[in-house]
Amino acid sequence: MTIQPASDRSLFISFGDEISIAAHHQVSRLTRALEGQRGVLNLHPAFASVLIDFDPRLRSHADIEALARERMETARDEARPARLVEIPVCYGGEFGPDLEDVARHAGLAPERVVELHAAADYLVYFVGFSTCFPYLGGLPPELATPRLSAPRKLVPAGSVAIGGSQAGIYPLASPGGWRIVGRTPLRLFDPQSSPPPLLRMGDRVRFEPVQPLSDVRGSEPHSEPRTSESGIRVVSPGLQTTVQDLGRFGYAHFGVSASGAADPLSLRAGNLLVGNAENAAALEMTLVGGSFEFETDAVIALTGSDLGAGLPLWTAVEIKAGQTVRCGATRSGARGYLAVRGGIGVPMAMGSASVHVMTGVGGRALRAGDVLPIGDAAIRRPRTVPRRAPLFASAGPLRVTPGPQAHWFSNELYAAAYQVAEESNRMGLRLRGRPIPSPAGHMLTEGVPLGAIQVPPDGQPIILFVEHQTTGGYPKPANVISADFWRLGQLRPRDEVCFERITLEQALDLLREQEQWLYALV
């Protein structure tokens with residue numbers, strides 16, 4: 001067992017660099033042993049490693065390392081009884097467009113490919129990448145097929161696929177580069193279930209060929225926004241306005257990232273200014289704000305980017321029934337927040353009110369006519385004295401600490417500026433600039449934390465954002481520090497980005513300073 005920091009709020013524990021049953025048992029044992037431990041936010045198990053996300057305000061790297069070693073020594077060896085889950089699959093045709101290619105690569109008839117694929121006994125090594133995607137070991141060696149040279153932009157939900165020597169199933173419609181041999185009508189992800197995934201680490205899987213079904217349905221959660229008869233009426237929703245809190249934690253081992261506010265500092269500040277608990281749900285507006293009619297008296301705070309609402313920023317403001325708050329385009333930064341005393345009173349989905357935009361968990365972006373209730377999250381008096389905002393867009397380089405593969409790279413990441421690409425989203429901030437040479441090194445898919453900087457084969461870095469995949473196979477030279485997460489949420493397309501390397505100790509000092517600034521609002 002080797003242990004190293006992955007960021008200022010995560011620890012990477014590895015059990016080797018090969019896929020094996022022995023490593024899988026160690027990963028499973030450590031994951032079970034750390035579930036529910038104080039200060040542990042998320043666990044990211046993979047083939048031979050576990051990434052531990054923790055709250056650096058409550059626990060240190062040394063604390064988490066000691067906890068992991070102690071729990072591994074005392075944890076019981078008995079695993080959860082393995083379940084055998086049978087998955088019906090419609091092979092070939094429109095459901096398996098790559099079946100013929102897999103057959104040609106293997107030198108077999110398509111019928112023989114189906115026979116071999118369905119006869120195998122598969123093990124769920126872990127669930128990761130995207131929401132509830134199971135990584136299955138046990139694919140017959142003769143069926144191993146290289147991934148597509150160019151990933152599909154959209155793989156249908158339920159697609160049963162082959163990627164190299166692995167098998168998997170896409171629970172949700174998403175981009176993907178694996179070879180699709182069939183599709184299952186089963187729903188692999190249900191946010192209303194506990195736990196939400198159909199398949200979990202350690203399960204055994206068998207595929208059962210079935211005749212094509214007329215209604216092979218996707219498994220995307222369908223969720224309409226929760227509305228009430230009175231509250232805040234959406235007159236105009238803006239470009240992308242969603243309900244957000246600080247996110248849903250404890251589901252990364254099911255492939256579900258935390259999501260939550262893209263600029264958590266502004267959301268927390270807005271809530272504290274109006275007297276809420278800091279995790280209360282608020283409105284997040286991206287690039288262009290909306291118009292909101294208040295059907296009752298309220299106290300609000302506008303934080304984050306200036307959206308030209310004509311109201312004081314970073315302070316509690318009284319709003320009268322019938323008044324409409326109109327927010328326009330961002331004047332600096334990318335996102336503005338509207339916090340209301342009591343919070344946005346929508347039901348929780350998997351422990352959070354946040355809308356996970358890429359999956360639909362928690363609802364969808366707001367539309368004209370939606371009515372949002374005001375909740376009961378207020379716990380103290382509002383703060384009516386204006387507070388100076390953090391500086392957006394002009395705060396210098398993003399500060400980073402070394403990532404797990406930092407030793408594979410030279411200093412290319414720090415040698416030039418990059419530009420935020422238009423195709424960036426809540427999963428990742430894609431950067432464009434001088435390519436970073438691909439390093440030589442072998443790595444397995446492993447857990448990835450928020451703010452990790454990945455370098456794919458094209459050499460253009462990607463900063464993993466609030467809806468990032470929970471595991472990945474690209475090397476990571478660095479990780480944005482926790483104190484700069486809010487700055488990621490304020491980056492706009494075409495903004496310039498450069499990086500400055502600092503130590504873990506400096507990163508934690510900056511986080512402490514930021515927390516002192518924040519709690520001065522109470």
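The values are calculated or read from the model by the stated rules, or taken from the named source; none is laboratory data. No experiment lies behind these values; they were computed from the predicted model shown. Ideal geometry is used to build each Cβ from the backbone, glycine not excepted, and the neighbour counts take in all protein chains shown.
Computed values, structure above
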read-out: Which listed residue is among the basic types (Lys, Arg) and either over 30 Å from Val234 (Cα atoms) or assigned by TED's automatic domain parsing to the domain that holds Ile19 (or both), from Arg399, Arg383, Arg367; value: Arg399
read-out: Any hit, region 455-468, residues being within 21 Å of Arg268 (Cα to Cα), small (Gly, Ala, Ser) and not in a strand (DSSP E or B); value: no
read-out: Selected residue (criterion: nearest to the chain's Cα centre (by Cα)) from residues of region 303-348 that are part of a loop (DSSP other than H, G, I, E, B) and of a type in the set (Val, Ile, Thr); value: Val346
read-out: Inter-residue pairs, beta-carbon under 6 Å, first at positive phi and buried (at least 23 other Cβ atoms within 10 Å of the Cβ) and in region 346-366, second hydroxyl-bearing (Ser, Thr, Tyr) and modelled with pLDDT of 90 or more, 6+ apart; value: Gly362/Ser354
read-out: Residues located in region 244-272, provided they are outside any loop (DSSP other than H, G, I, E, B) and within 24 Å of Arg29 (Cβ to Cβ); value: Ala252, His253, Phe254
read-out: Subset tally (residues that are crowded, with 20+ Cβ neighbours inside 10 Å and farther than 28 Å from Phe485 by Cβ) for region 1-25; value: 3
read-out: Test: residue in region 470-477 that is touching a helix residue (DSSP H, G or I) at 6+ places or on another chain (Cβ under 6 Å), surrounded by 17 or more Cβ atoms within 10 Å (Cβ to Cβ) and of a type in the set (S, T, N, Q); value: yes
read-out: Residue ID - nearest to Asp370 (Cα to Cα), chosen from residues in region 279-306 that are out of contact with any helix residue (DSSP H, G or I) (no Cβ under 8 Å at 6 or more places or on another chain) and among the β-branched types (Val, Ile, Thr); value: Thr296
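Every residue, every condition in (1) within 30 Å of Ile52 (Cα to Cα); (2) free of Cβ contacts under 8 Å to residues at least 12 places away in the same chain; (3) surrounded by 18 or more Cβ atoms within 10 Å (Cβ to Cβ); (4) within 29 Å of the chain's Cα centre (by Cα), yes or no:
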position	(1), (2), (3), (4)
Arg71	yes, no, no, yes
Leu99	no, no, yes, no
Glu115	no, yes, no, no
Ala118	no, no, no, no
Val124	yes, no, yes, yes
Cys132	yes, no, yes, yes
